[in-house]
Amino acid sequence: MYEDVLQRMRQCVRQYRLIIPRHARIEMRNDGIGQYDIEYAILTGRIVARQRDRISAEYKYRVKGAAYNGRPMEVVAKLIPTNETVIITVYLL
């Protein structure tokens, strides 16, 4: 499910087209998650849910995967028209 979206996100990882806003970086720091962990989770994980933002009506996707060291985690991200992936938040499971 949502395989085309996941492939586009993976392409963004491979092309260094990830945007990680301040909020997501704070969550990364709080959970000890690095950018490589996010990239690894997207490259090896799967989309488990699609959610629609109530305000912008944009879709965001929950990608369940693992950090580079194997810790289970989720990445919440969205695709934007500039062919980039925006990381909304990340957390360990």
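Would you mind checking the tilt of helix 22-31 against the longest principal axis of the Cα atoms of the chain, expressed as 0 to 90 degrees and rounded to 10? Helix 22-31 and the main axis of the chain meet at about 30 degrees. The long axis of helix 35-44 is offset from the longest Cα principal axis of the chain by roughly 60 degrees. Multiplying the residue separation of residue 59 and residue 17 by 0.36 nm and subtracting their alpha-carbon distance yields 13.3 nm. Note that region 88-93 has calculated 3J(HN,Hα) couplings of 7, 7, 9, 7, 7, 9 Hz, one per residue in order, obtained from phi through the Karplus relation 6.51 cos²θ - 1.76 cosθ + 1.60 (θ = phi - 60°); glycine and proline are x. In sequence order, region 77-87 has phi-based couplings of 8, 9, 8, 10, x, 7, 6, 10, 10, 9, 8 Hz under the Karplus curve 6.51 cos²θ - 1.76 cosθ + 1.60, θ = phi - 60°, and Gly or Pro positions carry x. All other residues whose Cβ lies under 12 angstrom from that of residue 79 are scored, Lys and Arg at +1 and Asp and Glu at -1, for a net of +3. For the pair region 1-44 / region 78-93, the C-alpha centres are spaced 6 Å from each other. Look at the Cα gyration tensor of region 3-92: its axes a ≥ b ≥ c give a/c under 1.5, and that counts as rounded.
Only the coordinates and a few stated rules stand behind these numbers; no lab work does. Because the structure is predicted, anything quoted here is derived from the model rather than measured. Reconstructed Cβ throughout: ideal geometry from the backbone, glycine too, with neighbour counts over all protein chains shown.
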